[in-house]
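Q: The structure that follows is given in the form of structure tokens.
The values are calculated or read from the model by the stated rules, or taken from the named source; none is laboratory data. Bear in mind the structure is a predicted one, so any value in this text is a computation, not a measurement. Cβ placement follows ideal geometry from the backbone for every residue including glycine, while neighbour counts extend to all protein chains displayed.
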């Protein structure tokens, strides 16, 4: 599975320019219209295209899903899930979100975390992390 850690390792292993973040590196990549070669070898990119139907392992979220992704990660994190209610209160009281906007966000989060595709990916990532810790 191509998680953030593997992508960052790939970014660092190719080329001489240092990027401050994965986001900056990806924006500079030819795959996304930039001028730098991809951080992964052509053969790996071909395999990803065949398996996942996208040119790169990195998934770019639609703007409407960025907040839902962030909140979903909070819900799934042992260290952050107890703060989800507080995060939603901040959205409403500080950022001025309406009850309707909050409901839409929660709907997106619920849909994502209950998706078998997401659950399977999370289970696979957990297995890989456990295997890496055993080594």
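Q: Filter segment 69-100 down to the residues that are modelled with pLDDT of 90 or more and either outside any helix (DSSP H, G or I) or closer than 30 Å to residue 29 by Cα (or both) and list them by number.
A: 71, 79, 80, 94, 95, 96, 97, 98
Q: Quick check on residue 57: is it outside the structural domain of residue 115 (by TED's automatic domain parsing), closer than 20 Å to residue 112 by Cα and surrounded by 10 or more Cβ atoms within 10 Å (Cβ to Cβ)?
A: Values: outside the structural domain of residue 115 (by TED's automatic domain parsing): yes; closer than 20 Å to residue 112 by Cα: yes; surrounded by 10 or more Cβ atoms within 10 Å (Cβ to Cβ): yes.
So residue 57 fits the description; yes.
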